[in-house]
Amino acid sequence: MRKVGRVYRRTESGQNAWSNPDASLSVEHREVLALIETGTHWDEIRKLLRRHADYQLLADLEAAGLVVSEVAAPESDLDFTGSFVFR
């Protein structure tokens, strides 16, 4: 699962589920949800996910509407290669 150029954020429902310990989230889903804040780039998430199964947990959270992703803006380019100008 390759999500190059994506930025993830918790939805309001995701924030409520994460902050409510009584929510019906598994511990594994809660751990992945904790990695995502307000605009976490895919490259940062990928560094923190330990197993391939964690990618499925992220997909589950997105399918449930607890997380949304969008195409990263050019200013979100983490290695700045998009801003190089060769003369």
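Test LEU61 against the stated conditions and say whether it is modelled with pLDDT of 90 or more and surrounded by 10 or more Cβ atoms within 10 Å (Cβ to Cβ). Even if it seems obvious, please write down each step before you answer.
On the way: modelled with pLDDT of 90 or more: yes; surrounded by 10 or more Cβ atoms within 10 Å (Cβ to Cβ): yes.
So LEU61 fits the description; yes.
Among the residues of segment 1-17, write down those that are at pLDDT below 85, surrounded by fewer than 14 Cβ atoms within 10 Å (Cβ to Cβ) and either in a strand (DSSP E or B) or charged (D, E, K, R) (or both). Break it down into steps so the answer makes sense when it comes.
Initial filter on segment 1-17 (at pLDDT below 85): 1-5.
Retained after the next criterion (residues that are surrounded by fewer than 14 Cβ atoms within 10 Å (Cβ to Cβ)): 1-2, 4.
Listed by number, the list holds a single entry, ARG2.
For segment 18-55, a tally of residues being surrounded by 14 or more Cβ atoms within 10 Å (Cβ to Cβ), in a helix (DSSP H, G or I) and either touching a helix residue (DSSP H, G or I) at 6+ places or on another chain (Cβ under 6 Å) or of a type outside the set (Ser, Thr, Tyr) (or both) returns 14.
The values are calculated or read from the model by the stated rules, or taken from the named source; none is laboratory data. These numbers were taken from a predicted model, which means no experiment stands behind them. Heads up, the Cβs are rebuilt from the backbone with ideal geometry, glycines too, and the neighbour counts pull from every protein chain shown.
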